[in-house]
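What follows is a short report on a single structure.
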Amino acid sequence: MKLFRLFPGPPAKTMVIIVVLGLLNSAMSSGMLILINNRMSGKALPFPGYEWLAYILLLVGILLVGRVFHAYMIKLSQNALYTVEVSLLQKIRAALFQDFEGLGEEKVYTAISDAKMLAQTPEVILGLFNAAIMVVCGLAYMFWIKPLGGAALLVLMIFLLLLYLLRNKKIEVELNKVRDLQNQYYKYLRDLLFGFREVKMSIERNENLYHDFLQRNRDQGRELSVKTNIRYLNNELAGSLSWYLLLGLILFVFPALNHLGVAEMNTFVVVTLYMMGPVSTLITFIPFITRTKIAVERIEELEHSIRANITVKQQYNDLAEIQEFLNVRFEDVSFFYESRNGKQPFGIGPLNLELRKGEVVFITGSNGSGKSTFMNMLAGLYLPASGNIKLNGKEIGIHNYPYYSDQLSAIFTGNYLFNENYNQWDLTTSNELFMDLIALMELKDVIKLDTIYKDIGTRYSKGQQKRLAMIYALLEEKDVILLDEWAAEQDPYFRARFYKYILPLLKKRGKTVVAVTHDESYYTCADRVIHFEEGVIVKDHYLQPGIQAVHIDIK
Ligand SMILES: Nc1ncnc2c1ncn2[C@@H]1O[C@H](COP(=O)(O)OP(=O)(O)OP(=O)(O)O)[C@@H](O)[C@H]1O
């Protein structure tokens with residue numbers, strides 16, 4: 001069964017424990033049933049005078065086995081949740097960036113909540129097994145007492161059960177509609193919460209979002225929920241009434257047909273009441289199977305849609321040996337995004353270029369020309385569809401991409417600042433490099449050293465966050481730094497400082513800088529300008545120091 005692949009430990013061992021515990025529990029529950037029934041009907045047991053002791057022993061036994069049963073179940077469920085969650089996180093962290101990008105964060109969140117749902121599986125299977133044994137025992141007991149009565153009861157039970165399930169199936173279809181409405185509701189709610197500032201800026205947008213989407217959705221949700229829940233209630237009531245139908249059969253029909261005596265009638269009633277709980281457990285299992293199937297499929301789909309076969313940390317990788325960056329070469333490299341709606345996807349290449357140690361290279365080009373796509377390739381985040389990338393002459397294959405990326409620092413547009421110091425940098429005044437970088441980025445009066453990782457989003461402005469990102473990138477002390485429109489959020493003063501002071505300083509310190517920029521007036525600050533249009537390099541040239549603005553040929 002696919003499901004067991006997601007759980008820890010050998011399935012056989014788990015099954016044996018479930019079977020043993022289930023049998024023990026059922027044997028004792030059945031013993032209790034027989035004991036109560038015999039006491040009620042005045043039948044003698046093989047140990048006259050000690051029925052009370054048997055009763056106490058059975059009670060203690062049921063309690064103890066139940067305790068072990070449930071403790072085992074809790075452990076099994078938590079282990080299952082842990083295994084599924086950890087394996088998902090492992091796969092996600094090792095996933096190729098381009099696969100992750102295509103996935104979307106909602107799918108990850110859904111898979112994690114699916115994992116939580118799957119964690120209930122051991123509990124449900126255990127309960128189901130137990131319930132099945134109890135129902136079989138109850139029915140067998142009735143067959144043993146009166147075969148015909150038992151058979152009649154079984155047939156009626158199956159009929160009522162099928163009726164219940166049929167009605168429930170219809171309700172489930174409606175419940176799916178409620179769920180769809182709920183998903184849409186979250187989408188609109190997300191727009192309200194994340195776009196709150198924009199919502200406040202337009203009365204029309206505010207009114208329409210509320211009346212035409214949020215409120216209308218909630219109206220439909222309320223209407224459908226009331227209808228569905230009442231249907232559900234009716235079915236549940238019909239389900240409970242079914243038991244009274246069965247009891248009616250035992251209390252009135254069977255005696256009228258002279259089929260059951262009083263003692264047998266009592267036994268039938270007790271057994272029927274005893275089976276009520278286990279039968280409902282069996283019924284709830286059916287929708288659970290459907291939900292589990294969907295959850296397993298969704299998790300598997302996620303696993304298949306990400307190529308998670310790259311081991312992040314390997315025992316040995318030849319790129320890890322590289323001490324100094326010399327050059328990176330693109331040889332006939334191309335890349336294409338996935339095609340959507342049958343449209344021709346955007347692609348770049350074939351690209352042929354070499355970036356050398358100590359160069360300050362600007363990547364320029366109009367919007368959508370492929371600059372960021374190129375930067376993602378250069379960073380080792382997008383794998384080429386064809387061609388080769390070589391670092392210091394060593395070819396980068398799928399197995400050593402993480403080591404290639406690890407040689408570079410990068411600040412992307414919409415750069416993310418982490419909540420924790422995952423690199424475990426020394427962020428105290430005793431770290432000279434750190435203090436030097438704070439001064440370089442002119443953040444002395446802004447950074448509170450003890451709270452640097454707290455409230456990043458609110459404490460620092462966008463421009464300050466970029467400067468902080470630069471500090472972290474330079475703390476990595478890598479030879480190459482990639483910047484995607486880093487200066488876009490900086491004020492004119494700091495922008496000039498970046499191009500005219502910080503970049504030359506980085507070059508002096510031996511860094512190789514590749515920066516995407518639209519700041520035409522600073523193009524002269526580069527050693528080399530590479531211009532993109534429609535995914536290809538249309539101009540790649542070196543500048544002489546001190547020469548005026550670069551002339552760019554636009555196709
Ligand atoms: N994840 C993606 N999936 C599909 N297409 C994408 C994706 N990201 C970008 N594109 C497309 O690739 C093209 C190039 O995008 P890219 O971000 O590389 O341009 P850019 O030169 O950096 O533009 P800008 O100057 O606006 O930042 C665009 O047409 C864009 O629609």
* Asked: When ranked by the protection proxy of mean other Cβ atoms within 10 Å per residue, highest first, what sequence do the peptides 97-103, 426-432 form?
  -> 97-103, 426-432
* So for the pair F159, E123, with labels modelled 7 Å out along Cα→Cβ, what separation do we get in nm? -> 3.7 nm
* To do: Could you quote the convex hull projected area for the range 122-181, Cα atoms only and averaged over all directions, in nm²?
  => 5.3 nm²
* With the other protein chains left in place, how much accessible area per residue, in square angstrom, belongs to the range 140-262 at a 1.4 angstrom probe? -> 71 Å²
* Looking at the square roots a ≥ b ≥ c of the eigenvalues of the Cα gyration tensor of the range 285-399, which shape do they give, rounded for a/c under 1.5, prolate if a/b is larger than b/c, or oblate? -> oblate
* Relative contact order %, the range 153-245, counting alpha carbon pairs below 8 Å whose residues are six or more apart -> 47 percent
* To do: With a probe of 1.4 Å, find how much accessible area the range 308-445 has per residue, and write the answer as a whole number in Å².
  => 53 Å²
* More than 34 Å apart - percent of Cα-Cα pairs taken over the chain -> 61 percent
* Asked: Where Rh is the Kirkwood radius over the Cα pairs of the range 151-271, the temperature 20 °C and the viscosity 1.002 mPa s, what D in µm²/s does Stokes-Einstein return?
  -> 116 µm²/s
* Using a 1.4 angstrom probe on heavy atoms only, work out the carbon and sulfur share of the accessible area of the chain in %. => 59 percent
* Per-residue ³J(HN,Hα) for the range 480-489, Karplus 6.51 cos²θ - 1.76 cosθ + 1.60, θ = phi - 60°, Hz, x for Gly and Pro -> 10, 10, 9, 10, 10, 6, 4, 7, 4, 8
* To do: With a 10 Å radius around each residue's Cβ, average the other Cβ atoms per peptide and rank 195-201, 175-181, 509-515, highest first.
  => 509-515, 175-181, 195-201
* Structure fact -> In nanometres, the difference between 0.36 nm per residue of separation and the alpha-carbon distance of A151 and K187 is 7.6 nm
* Structure fact -> FRET efficiency (F418, L247; Cβ distance; R0 41 Å; to 0.05) is 0.05
* Structure fact -> Gyration tensor (Cα only) of the range 191-335 to equivalent ellipsoid, semi-axes in Å sorted down, yields 62, 34, 11
* Structure fact -> Long-range alpha-carbon pairs in the range 76-207, meaning those over 21 Å apart, account in percent for 70 percent
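The values are calculated or read from the model by the stated rules, or taken from the named source; none is laboratory data. Since the structure is predicted, the reported quantities are computational estimates derived from the model, not experimental observations. Glycine gets a Cβ as well: all are built from the backbone with ideal geometry, and neighbour counts include every protein chain shown. SASA here: full protein model, heavy atoms, side chains in, ligands and nucleic acids out. Shrake-Rupley method; radii C 1.70, N 1.55, O 1.52, S 1.80 Å.
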